[in-house]
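Structure record follows, encoded as structure tokens.
Where a number appears in this text, it was derived from the coordinates with a stated rule and is not lab data. Just so you know, these numbers come straight off a predicted model, no measurement behind them. Cβ placement follows ideal geometry from the backbone for every residue including glycine, while neighbour counts extend to all protein chains displayed.
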Amino acid sequence: MESINNSQGLWQNGTAPRAQLLGLKLLLIATAIAWLSLVGIAWSEAAGIPDSEGDSDALSRESKSDEYNFSWLDPEKKIYVLQNRKYVKTGHPILSVMGGGSMSNSYRNVYSVDGRFAYYLSEWLGIEAFYTNFFNSTNSTFTALSKASTGMPSIREIQSQVGAMVHFVPWYAKINVFNAILYFDWYFGVGLASMSTQVDLRQNFSAAANYSPQSLLGVTLSTGNEYYFSRSFIFRWDVTGTVYSAPVSGLSGESTMFSNINFAAGLGWRI
């Protein structure tokens, strides 16, 4: 009974749990030290690092011959420096033809053909001129509205836009695609565009279409990727948004801000 009481007293005072916790900590520390020692030895052997003072000359020769020795990490020497560009843009004009569409017009299906000419002053800065032609046709929303109502909203169609942008290319990368290296740039653009539009002025669906032309000025923002197939050919996708001010109804009256977002993809030719 006396030994049992003493044992219960140790647990109540916390002496036994503290001793066990200390022992566990020491065991974990010893295990970590042993593991790090084994890993260090393995890396040293793989990298050819000498483990004695007699091999100091060999270490010196190794350091001079290869400042960045990653043989322990990549024995087959397949590591390449990311910053080394295989395809450069500086001083090379790039011609692009793309096709796509826009989802910004609630009453029209809109498709586009886009031609672009870019010239890069450096690998991260360039200028791009563009011309986009849009093709408009009535969609299901317009058809449903014409059947449900006699009154017709003011509908503006964008026929084309021409402008220029400054390109910033902050990101360049390489990715492995099916065991092949693919090089690409990720760019951002900002600029101005002149827009050729037309507005349907009829008041109801029963009347004949009455289009009137209208020219607008917009601010363009874009982003996209350029993927290099070879030194001459590029695949690119692009999202270009144009923000502009126009009358809410027709050709005059109160104005508000609108946006036209165009998605496109196509091929480029680096001259």
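Extending 7 Å from Cα along the Cβ direction at M103 and again at A129 yields two label points whose distance is 3.3 nm.
With all projection directions averaged, the alpha carbon convex hull of the range 116-203 covers 9.4 nm².
Rg over Rh for the range 128-259 works out to 1.13, both radii taken from alpha-carbon positions and Rh defined as the Kirkwood radius.
In order along the range 151-163, the Karplus-derived 3J(HN,Hα) couplings, from 6.51 cos²θ - 1.76 cosθ + 1.60 at θ = phi - 60°, round to x, 10, x, 6, 10, 10, 10, 8, 8, 6, 8, 9, x Hz, and Gly and Pro are given as x.
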